[in-house]
Amino acid sequence: KNQGWRYHMSDVMAAIGRVQLKRREELALKRQSLSKLYHKTLSKNKKIKLILKDFENVVPHIFPIRILNLKNRNLLRKNLLKKYIETGIHYIPNHNLTLYSSTKNKSLFETEKIHNELLTLPLHPDLKNEQVKYICANLNELIE
């Protein structure tokens, strides 16, 4: 069984990557700044558990959060999308992956509970502070 796929980077993607590497410091600082703003804005909500906290030594590529006791993540995602806020879900617990299908009948209650509470918020260098505040305001409103 294979655990994943093999990807080969095209010449075009390599060229883009080389240019992006020249901007590494700038892009890293932007991601860290946006993450700090998310953290500051969402830390007041007791229904949200923040996962990332060290923004001086880590450059986040995603901004996952836990929404405690979340009943319907798909509905929340649909309501956020109505407000033009796309979200993601990272990552599927290992025991639910095809590679580990022999463990399909096994339940890991805490792992599945946490996975169902996870939501990944938008995080990319082109995001503006006002957009992060908009995302947070709408998220806070929808989970109250």
Problem set entry | Residue, nearest to GLU141 (Cα to Cα), within segment 92-104, restricted to residues that are assigned to a loop (DSSP other than H, G, I, E, B) and free of Cβ contacts under 8 Å to residues at least 12 places away in the same chain | LEU97
Exercise. Pick from segment 64-91 the residues that are of a type outside the set (Lys, Arg) and open to solvent by 100 Å² or more (accessible area, probe 1.4 Å): which of them is farthest from LYS49 (Cα to Cα)?
Worked result: TYR84
Exercise. Here are LYS133, LYS40, LYS128: which of them is modelled with pLDDT of 95 or more, open to solvent by 80 Å² or more (accessible area, probe 1.4 Å), in contact with a Ser or Thr (Cβ under 7 Å, 6 or more places away or on another chain) and closer than 27 Å to LEU27 by Cβ?
Worked result: LYS133
Exercise. Name the pairs whose Cβ atoms lie under 9 Å apart, with the first residue in segment 107-128 and acidic (Asp, Glu), the second part of a loop (DSSP other than H, G, I, E, B), and 6 or more positions between them or separate chains?
Worked result: GLU112/PRO93; GLU117/LEU68; GLU117/ASN69; GLU117/LEU70
Problem set entry | Number of the condition not met by LEU50 [criteria: (1) touching a residue at least 40 places away in the same chain (Cβ under 8 Å); (2) open to solvent by less than 60 Å² (accessible area, probe 1.4 Å); (3) in contact with a strand residue (DSSP E or B) (Cβ under 8 Å, 6 or more places away or on another chain)] | (1)
For this session: Return a yes/no flag: does segment 92-110 have any residue that is open to solvent by less than 50 Å² (accessible area, probe 1.4 Å), touching a Phe, Trp or Tyr at 6+ places or on another chain (Cβ under 8 Å) and among the polar types (S, T, N, Q).
Result: no
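The values are calculated or read from the model by the stated rules, or taken from the named source; none is laboratory data. Predicted model only: the values in this text are computed from it and were never measured. Quick reminder, even Gly has a Cβ in these numbers, built from the backbone with ideal geometry, and neighbours come from all protein chains shown. Heavy atoms of the whole protein, side chains included, go into the accessibility calculation; ligands, DNA and RNA do not. Shrake-Rupley method; radii C 1.70, N 1.55, O 1.52, S 1.80 Å.
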